[in-house]
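FYI, it's all coordinate maths here, none of it is from the lab. It should be emphasised that the depicted structure is a prediction, and the values quoted were computed from it without experimental measurement. In this analysis, Cβ positions are derived from the backbone assuming ideal geometry, glycine residues included, and neighbour counts consider all displayed protein chains.
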């Protein structure tokens with residue numbers, strides 16, 4: 001493989017691995033705030049116990065996330081020097097803002113969050129919890145803005161020519177509110193909420209099935225289920241808004257997402273399928289004109305297809321983009337259905353009496369993570385062959401002095417180190433979950449445990 005492919009694989013691997021943790025941090029932070037706020041308002045100790053327990057899980061996730069995020073900044077300079085020079089003024093301001101307004105807030109309050117339970121007043125600790133949560137949210141803001149500028153550049157002008165060209169900001173707020181940033185940010189935030197809430201639902205469903213911490217878990221499960229349901233439904237709307245933005249600003253990407261080739265014809269909406277790039281055909285189950293209707297509320301409105309673009313200006317892996325996108329959509333619809341079904345069972349009084357439903361929640365924790373990953377792959381691969389859409393090609397963004405063997409060697413090292421970090425993460429998470437919430441309070445779980453265990457057995 002050549003330098004470009006290896007460098008893309010390396011960056012994709014490091015970003016994908018890092019992206020496991022920040023969404024979890026944001027989602028867990030949201031529920032930590034909810035539990036602790038309920039505790040402050042009601043003075044019921046069980047919510048303090050839940051807040052403390054999930055703070056420990058948050059700390060593990062946050063720590064691994066910080067470590068895995070450092071590598072990417074070095075890759076900008078080692079593998080993508082031309083790209084770094086081209087976008088340095090744009091990214092520099094966004095990443096500086098992230099450090100000043102987000103990471104500083106998050107890290108400065110983290111010590112109080114982790115070690116201040118018995119050292120500061122409850123309301124002070126709640127403020128720290130909010131600060132950490134908001135810091136993680138603000139961090140996502142600036143990272144997404146930087147990435148969205150690559151997708152839909154705005155508020156800049158080009159200085160220099162050829163390989164020495166670079167983009168400079170002429171309107172900071174136009175750069176911040178570029179055409180895709182708001183839609184992408186809300187989509188990322190809600191994806192993070194889903195990652196965190198479904199992890200919490202998974203753990204507490206497991207406790208109920210095993211007859212452990214049943215009263216705590218029932219309360220945690222119900223509260224989190226409400227947040228997860230709202231988030232899953234909201235993701236449907238943010239996804240639709242994002243698709244409309246892609247149709248307007250990146251029509252080649254939208255065409256790849258649905259495998260739409262005809263230059264000017266109504267576009268079908270595929271539930272699933274397979275793209276034959278050689279023959280420019282898609283085989284699968286579709287709604288004729290469905291994409292046209294989704295975008296324009298008319299089944300017959302033409303949608304720009306891939307044939308409108310020269311082959312060198314299209315995504316090279318249309319089938320991969322198509323598959324990643326449809327996996328994301330399928331998972332999103334499943335989470336909506338599962339959440340609504342669980343709410344219905346709650347209303348009927350059967351939420352905790354169906355073993356199969358609880359086991360479904362146990363194993364569903366992985367699905368938001370998969371959706372986040374494949375959604376990111378679809379977005380980034382759909383932007384190709386541009387690293388900055390319409391301005392800088394990926395093939396031109398590479399460092400000129402880096403050799404393929406050097407990239408391969410570092411990729412192998414990263415794989416080994418990240419595998420060790422992932423195993424450490426799984427070990428620490430499993431240890432914390434197996435130990436469970438710590439409390440010397442009698443929640444009168446004895447009879448309730450026996451009742452629940454008897455029913456689900």
ask   = Taking N as the number of residues in region 70-126, what is its alpha-carbon radius of gyration divided by 2.2 N^0.38 Å?
value = 1.70
message = Along each principal axis of its Cα atoms, how long is the chain end to end? Whole angstroms, biggest number first, please.
response = 72, 49, 41
ask   = Average projected area of the Cα convex hull of region 361-414, in nm²?
value = 5.7
query = Over all distinct Cα pairs, what is the inverse of the mean 1/r for region 160-217, reported as the Kirkwood hydrodynamic radius in Å?
reply = 15.6
request  = Would you please put 114-121, 362-369 in order of how densely packed they are, using the mean number of other Cβ atoms within 10 angstrom per residue and starting with the highest?
outcome  = 362-369, 114-121
ask   = In degrees from 0 to 90, rounded to the nearest 10, what is the angle of the helix 3-18 Cα long axis to the longest principal axis of the chain?
value = 20
Acute angle (nearest 10 degrees) that the helix 446-456 long axis makes with the longest principal axis of the chain, alpha-carbon atoms = 50
ask   = By average Cβ neighbour count within 10 Å, what is the ranking of 287-293, 169-175, 317-323, 400-406 from highest down?
value = 317-323, 287-293, 169-175, 400-406
message = Sorting check: for 138-149, 22-33, which peptide has the highest mean count of neighbouring beta carbons within 10 Å, and how do the rest follow?
response = 22-33, 138-149
ask   = In degrees from 0 to 90, rounded to the nearest 10, what is the angle of the helix 104-115 Cα long axis to the longest principal axis of the chain?
value = 20
message = Using only alpha-carbon positions, what ratio does the radius of gyration of region 118-244 give when scaled by 2.2 N^0.38 Å?
response = 1.49
Cα pair distances in region 283-324, grouped into 10 Å bins until the bin that holds the longest one, percent each = 24, 40, 35, 0
note = Taking every C-alpha to C-alpha distance in region 3-136 and binning by 5 Å from 0, the per-bin percentages run 2, 10, 17, 19, 15, 11, 9, 7, 5, 3, 1, 0
